[in-house]
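Colleague: Please see the structure below; I have some questions.
We did not get these values from a lab; they are worked out from the coordinates using the rules stated. None of these values were measured; they are calculated from a predicted model. Glycine also receives a Cβ, built like all others from the backbone with ideal geometry; neighbour counts cover every protein chain displayed.
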Amino acid sequence: MSRPLVVDVHTHVYPPSYMAMLRARKTVPYIHDPASGEPRLIILSSDDDPSIPIDERGRPVDTSYSDINVKLTFMRQHGIDCSVISLANPWLDFLDPAEAQKWAERINDDLEETCVQNNKSSNPDNNLPLQGRSTLFAFATLPLSAPSADIIVNEIKRLKTLPHIRGVIMGTSGLGNGLDDEQLGPVWAALEETQFLLFLHPHYGLPDEAFGGAEVTKRYGHVLPLALGFPLETTIAVTRMLLSRVFDKFPRLQILLAHSGGTLPFLAGRIESCIMHERKFVENGGDVPGPQRSIWEVLKTNIFLDAVVYGAAGLKAAIAAGGGTDRLMFGTDHPFFPPLNEGEKEWLSVTTNYKAIDATFEGETEAVAAVLGGNAARILKLE
Ligand code: URA
Ligand code: ZN
């Protein structure tokens with residue numbers, strides 16, 4: 001059998017315009033250029049620790065973040081035929097309200113243009129199959145700090161006119177009050193109407209106290225915030241959406257959860273059981289009903305999961321809870337988690353995910369092909 005199509009649905013960029021904006025800032029998120037060595041990216045609040053010399057704060061940020069040719073080389077080295085690129089965290093969350101619309105339009109136009117130019121050169125006739133062509137599509141970003149939801153809705157509608165945009169990436173803060181905020185209703189409605197996939201991705205993690213305090217967090221570098229903070233943040237965000245009945249009110253909303261849903265597949269039964277025992281919630285001093293659709297139904301009809309979980313146990317939970325193999329899609333999280341040794345071409349983070357998929361399906365070639373690319377091509381209409 002020929003090799004299956006491979007589509008990466010979880011792969012980030014910081015377009016050059018965004019890098020320049022981060023360089024001009026002095027508070028998180030920002031880029032610092034030391035006198036010598038690679039620039040540093042300080043994006044997590046835990047990165048900006050005054051006890052660490054500024055030249056050593058955060059992580060090195062090389063051209064793999066902003067130069068699309070570096071991503072294309074990475075794709076070829078790892079057998080990836082097509083990537084759906086998205087702006088990395090923290091997106092535009094931190095922008096002054098007056099700046100949000102302008103930046104969203106600029107970034108989204110940049111992403112679209114990157115796809116147009118790349119796809120033109122990889123296949124001028126545009127009529128070959130995706131395989132072997134290094135094709136690009138994109139998830140856009142939203143001006144969530146804009147002064148009114150209308151501006152966000154208008155950008156979603158404008159995105160429909162950009163041919164390579166297949167959805168939007170969003171963090172967990174929403175308009176600033178989380179994803180159970182009623183004010184997000186028009187945004188959910190616009191996403192439902194356009195049938196854009198919402199890629200929900202963490203950034204804020206958990207407070208240091210959850211890990212035993214700032215000293216403990218710092219001792220273990222990025223391990224606690226990235227391995228535990230990120231997945232729990234996603235789990236909490238999507239659970240708040242469920243509890244506030246977002247999926248009852250917008251039953252056609254389609255969401256892709258980063259990192260195989262955080263811990264949602266593993267905890268789904270417990271969340272459902274707690275909802276059943278609580279029955280109703282208190283809001284504005286009165287009782288309101290809990291969600292009417294079960295978490296299992298939502299997992300099977302509204303939620304897709306990426307396969308960025310680095311192990312067969314996580315993938316098995318994702319399949320068991322999340323409606324089988326049709327709703328799981330390969331991803332890399334490039335350019336985060338680069339190789340450990342300089343000059344190394346193969347990324348351990350990517351080969352670990354490939355191996356986990358092989359170990360999970362043990363020779364079920366159709367399931368492997370679906371997860372590696374078939375599902376993404378179908379769900380995102382990549383042609
Ligand atoms: N670290 C981040 O800040 N973002 C990612 O997407 C992955 C790792
Ligand atoms: Zn990511």
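Colleague: For the chain, modelled as a GNM with alpha-carbon contacts under 10 angstrom, which of GLY221, GLY174, GLY205 fluctuates the most?
Modeller: Of the options given, GLY221 has the highest mean-square fluctuation.
Colleague: Most mobile of TYR220, TYR65, TYR30 per a Gaussian network model of the chain (Cα springs, under 10 Å)?
Modeller: TYR220
Colleague: Using the Karplus equation 6.51 cos²θ - 1.76 cosθ + 1.60 (θ = phi - 60°), what ³J(HN,Hα) coupling, rounded to whole Hz, does each residue of region 324-335 give in order, writing x for Gly and Pro?
Modeller: Values, residue by residue: x, 7, 6, 10, 10, 9, 4, x, 10, 6, 4, x Hz.
Colleague: Calculate for the chain the 222 nm mean residue ellipticity that helices alone would give, adding -39,500 (n - 2.57) per DSSP H run of length 4 or more and normalising by residue count, nearest 500 deg cm²/dmol. List each step's numbers first, then the result.
Modeller: Details: 14 runs with 145 residues, N = 383.
Roughly -11000 deg cm²/dmol at 222 nm, from the helical runs in the chain.
Colleague: Using modelled amide H (1.01 Å from N, peptide plane; none on Pro or chain starts), what sits under 5 Å from the amide H of VAL168, excluding residues fewer than 5 places away?
Modeller: ALA140, LEU197, LEU198, PHE199
Colleague: While we're on this one: Can you tell me what the convex hull of the Cα atoms of region 204-287 projects to on average, as an area in nm²? Could the numbers behind the result be given before it?
Modeller: Numbers: hull surface 28.8 nm².
Mean projected area of the Cα convex hull: 7.2 nm².
Colleague: Just going by the charge dipole of region 311-363, with Lys and Arg at +1 and Asp and Glu at -1 on Cβ, which of HIS334, ALA312, THR351 is farthest out on the positive end?
Modeller: Comparing the listed Cα positions along the dipole, ALA312 ranks first.
Colleague: Please identify, among VAL168, VAL309, VAL61, the residue showing maximal mean-square fluctuation in a Gaussian network model of the chain using a 10 angstrom Cα cutoff.
Modeller: Comparing VAL168, VAL309, VAL61 in the GNM, the peak value goes to VAL61.
Colleague: Taking H as built 1.01 Å from N, whose amide H comes closer than 5 Å to the amide H of ASP306, not counting residues under 5 places away?
Modeller: Close amide H contacts, sequence-distant or interchain: LEU257, HIS259, SER260, GLY261, MET329.
Colleague: Another question, then. Once the Cβ-Cβ distance between VAL216 and ARG133 is put in as r, and R0 is 41 Å, what FRET efficiency do you end up with, to the nearest 0.05?
Modeller: Details: r = 47 Å, r/R0 = 1.14.
Between VAL216 and ARG133 the formula returns 0.30.
Colleague: Sticking with this structure for a sec: In whole Å, what three semi-axes, largest first, describe the equivalent ellipsoid of the chain built from its Cα gyration tensor (square root of 5 times each eigenvalue)?
Modeller: Details: eigenvalues 167, 140, 105 Å².
Rounded to whole Å, the semi-axes are 29, 26, 23.
Colleague: Just report the Cα centroid separation between region 1-71 and region 186-215, whole Å.
Modeller: 19
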